[in-house]
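Everything on this sheet refers to the single structure shown next.
Nothing in this text is a laboratory measurement; each read-out follows from the coordinates by a stated rule. Predicted, not measured: the structure shown is a model, and the values here were computed from it. Backbone-built Cβ (ideal geometry, glycine too); neighbour counts: all protein chains shown.
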Amino acid sequence: MLHLLNTYTTESVTSGHPDKVCDQISDAILDACLAQDPKSRVAVETFGSHGTLMIGGEVTTNAKVDMKKIANEVYKSIGYTQKLKILNTVARQSNDIAQGVDTGGAGDQGIMYGYATDETKEMLPLGVVLAHGLARRLEKLRRDKTLPWARPDGKTQVTIKNGKVINALCSTQHAKNISQEDIRKDLVKHLFKPILGNLKDIEILVNPTGKFEVGGFEADAGLTGRKIMVDTYGGLMPHGGGAFSGKDATKVDRSAAYMCRFVAKNLVANGYGKKVLVTVAYAIGRVEPVMVEAFNEKGKDLSKIVQKHFDFRPRAIIERLELRKPVFRETAAYGHFGVTGRSWEKIEKI
């Protein structure tokens, strides 16, 4: 399970991808609630399609936030100018759910996973690191005007064989007045070479369908939580049942997945394995998880070590990883893991 395939492909998307726009709006609303009321409970979903944005879900909070204003600000900050018709249907959270969460129980049932590997300094698979690296740089090149023709929407992808990149792809939204030949030339020089180095044995694909002038909600619908493999381990490891964005830390879909990553990374960092997968499962309203399990690449069971050093009760996770702070919007693009400064990425001595 923990031995990566000899050949595999991973992808990332830019912050202007319609699904990622929705993730960022949902997490910006979450942050706004937490900034005023750290004990806010938030489950906000966003759906955008062709000029319309719908915000839905449930909240329990004392915060006063203008969700439509936040949505517009996020949309414009990404680089879009299209005017949106915004519908807000957010309601108060069900008391049936609240009665279990109020006592420190899990906000839902489900299975969460965390993974770490020693193959990169980020402790993530190489393909995941490179796909995000390409997508992040693509946005940087757009924002600093190195590529004045670049527009917000885009995707990247890399294929790895025996530890080396054999194929790299970028589909990027662009202005009307530039040829695909010039786009390719610019991306090879400013994007692919700086991230991948020598391109001699790498097949480079740029906008394979041809032009990509219309992007974002004008071209496609977007939905919170639809890029979960981009958020985690690129499809190379299990994800579990739930997405992250728009959910406060009482939702174990998010907090326990962060904790699993924290534990896996610390097990690798402390020499318990070169690759480690951590699994936890919960019952809604129950404080203690129904299972906690960890294995390294040799199949060694690390579960007792995990249970000794790490507390997977929801409140304990929230406290240990400081998850009542408004830190989530920044996680909503380019992956939730492998980024320095996030509490679940800290390395501690076990």
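Taking a quarter of the surface of the Cα convex hull of the range 219-350, what do you get in nm²?
Computed as one quarter of the Cα hull surface, the answer is 8.6 nm².
Stretched out fully, how many nm does the piece from Glu119 to Gln82 gain, at 0.36 nm a residue minus the Cα gap?
9.1 nm
Where does the range 162-284 land on Rg/Rh, using Cα atoms and the Kirkwood Rh?
Result for the range 162-284 is an Rg/Rh of 1.08.
With each label point set 7 Å from Cα along the Cα-Cβ vector, what nm distance links Lys274 and Ile166?
Taking the simple label geometry, Lys274 and Ile166 are separated by 2.1 nm.
If I take R0 = 25 Å and measure r between the Cβ atoms of Val339 and Lys298 in this structure, what FRET efficiency does the formula 1/(1 + (r/R0)^6) give, to the nearest 0.05?
The value I calculate is 0.30.
Sticking to Cα atoms, compute the Rg of the range 237-291 to one decimal and its Dmax as the biggest Cα-Cα distance, whole number, in Å.
Cα-based Rg and Dmax for the range 237-291 come out at 12.2, 35 Å.
Using only the Cα atoms of the range 1-47, construct the convex hull and provide its projected area averaged over every direction, in square nanometres to one decimal.
On the way: hull surface 22.8 nm².
The number I arrive at for the range 1-47 is 5.7 nm².
Using square roots of five times the C-alpha gyration tensor eigenvalues, list the equivalent-ellipsoid semi-axes of the range 25-98 in whole Å, biggest first.
23, 14, 8
Which whole number of Å³ per residue matches the convex hull of the alpha-carbon atoms in the range 30-180?
For the range 30-180, the hull spanned by Cα atoms encloses 187 Å³ per residue.
Please compare each pair in Lys68/Lys185; Lys161/Lys185; Lys161/Lys304; Lys20/Lys83; Lys68/Lys155; Lys211/Lys247 to a cut-off of 29 Å on the Cα-Cα distance and tell me which ones are over it.
Lys68/Lys185; Lys161/Lys304; Lys211/Lys247
Quick one: Debye curve from the alpha-carbon atoms of the range 178-242 only, equal weights, vacuum; give me log10 I(q)/I(0) at q = 0.22 Å⁻¹ to two decimals.
-1.02
Which residues in the range 1-40 place their backbone N less than 20 Å from a point set 7 Å from the Cα of Lys64 along the Cα-to-Cβ direction?
Taking a point 7 Å out along Cα→Cβ of Lys64, the residues of the range 1-40 whose backbone N falls under 20 Å are 29-40.
Any idea which of Tyr258, Tyr272, Ala243 is furthest toward the positive side of the dipole for the range 242-316, if Lys and Arg beta-carbons carry +1 and Asp and Glu beta-carbons -1?
Farthest towards the positive end: Tyr272.
Please say if the range 280-350 is rounded, prolate or oblate, where rounded means a/c under 1.5 for a ≥ b ≥ c the square roots of the C-alpha gyration tensor eigenvalues, and otherwise the choice is prolate for a/b larger than b/c and oblate otherwise?
Oblate shape, in that a/c is at least 1.5 and b/c is the bigger or equal ratio.
Tell me which trypsin sites (Lys or Arg not before Pro) from the range 1-95 have a DSSP coil assignment and no more than 16 other beta carbons within 10 Å of their own.
Answer by residue number: Lys39, Lys64, Lys83.
Roughly how far apart, in whole Å, are the Cα centres of the range 176-214 and the range 100-151?
22 Å
If packing is taken as the mean number of other Cβ atoms within 10 Å per residue, what is the order of 50-59, 222-231, 21-30, highest first?
21-30, 222-231, 50-59
Residue by residue through the range 260-271, which ³J(HN,Hα) values in whole Hz follow from phi under the Karplus form 6.51 cos²θ - 1.76 cosθ + 1.60 (θ = phi - 60°), with glycine and proline marked x?
Each residue of the range 260-271 in turn: 4, 5, 4, 5, 4, 5, 6, 5, 5, 4, 9, x Hz.
So the label point goes 7 Å from the Cα of Thr7 along Cα→C-beta, right? Which residues of the range 142-183 then have their backbone N under 15 Å from it?
Under 15 Å, as judged by backbone N against the label point of Thr7, lie 158-168 of the range 142-183.
Rg(Cα) of the chain divided by 2.2 N^0.38 Å?
Details: Rg = 20.6 Å, N = 350, 2.2 N^0.38 = 20.4 Å.
Relative to the rule-of-thumb radius for its length, the chain sits at 1.01.
Residue by residue through the range 300-315, which ³J(HN,Hα) values in whole Hz follow from phi under the Karplus form 6.51 cos²θ - 1.76 cosθ + 1.60 (θ = phi - 60°), with glycine and proline marked x?
6, 7, 9, 4, 5, 5, 4, 5, 6, 9, 10, 9, 9, 5, x, 5
HN-Hα J couplings of the range 157-171 from phi, Karplus 6.51/-1.76/1.60, θ = phi - 60°, integer Hz, Gly and Pro as x?
My calculation for the range 157-171 gives 7, 9, 10, 10, 10, 6, x, 10, 6, 10, 8, 9, 10, 9, 10 Hz in order.
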